[in-house]
Amino acid sequence: MPENNILLFILSFLPSLVYASVIYWSYPKKVINTKTALLHFLMGSLSVSAVMIFHWVFPTWRLISDVYSHNFVLSMAVSAFIQIALLEEGMKLFFYQLTEIYRKKISMPLSTMFYSMCISAGFAVVENISYISNMGVSVGWARATSAIVIHMVLGLMLGYFISMGTRFKNRWLFRSIGLLFVTIFHGIYDLNLM
């Protein structure tokens, strides 16, 4: 069905492209390098595969919330905050760090936030393709307006903490605080969906 594949493509890529373009055009000129942004986007796309490999290598990771099965709310909270949010946000931070090691260049604070957002946008696009392929186009409409936005906003937030760590010469403290911060927000978002 080519129509569904075209719609899948549009629902997955177009929202992140529109949101990223709005942010890109609101930034000062020459702060963002589009090739670097594309590299971060591609690395974010790869981070979804890393999450899937993590689940394959550690199959009991999905069973952590079962320990709390006697308490439904606690079980859902563990699932939302630890199994989903911490793993996804941690993987995005890891892939951001890999990209920066490869580039061997420290970015300005605004560009750091944008590149971190690009990692999250790449993650969200591939995640959307997976969800829409498995659950249908109706899920795509909801995810296009919510999941992509939340991933990109969390990427901007994490980028803020990464740039603060570079500015104050305490990279790992600020990255850890940023990871905690975005994990909490991501967990709240996921918990509301459950």
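The values are calculated or read from the model by the stated rules, or taken from the named source; none is laboratory data. Just so we're clear, the structure is a prediction, and the values are computed from it rather than from any experiment. Here the Cβ positions follow ideal geometry from the backbone for every residue, glycine too, while neighbour counts run over all protein chains shown. Note: areas computed on protein heavy atoms with side chains; ligands, DNA, RNA excluded. Shrake-Rupley method; radii C 1.70, N 1.55, O 1.52, S 1.80 Å.
Here are the numbers for the structure shown:
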quantity: Residue check for GLY136: at positive phi and modelled with pLDDT under 85; calculated: yes
quantity: Filter result (hydroxyl-bearing (Ser, Thr, Tyr), farther than 24 Å from THR145 by Cβ and touching a residue at least 40 places away in the same chain (Cβ under 8 Å)) within the range 1-48; calculated: THR36
quantity: Enumerated helices (runs of 4 or more DSSP H) restricted to the range 35-139, each holding at least 1 residues that are out of contact with any His (no Cβ under 9 Å at 6 or more places or on another chain), buried (at least 19 other Cβ atoms within 10 Å of the Cβ) and among the polar types (S, T, N, Q); calculated: 109-135
quantity: Some residue of the range 167-187 being closer than 27 Å to LEU14 by Cβ and either in contact with a Gly (Cβ under 7 Å, 6 or more places away or on another chain) or open to solvent by 50 Å² or more (accessible area, probe 1.4 Å) (or both); calculated: yes
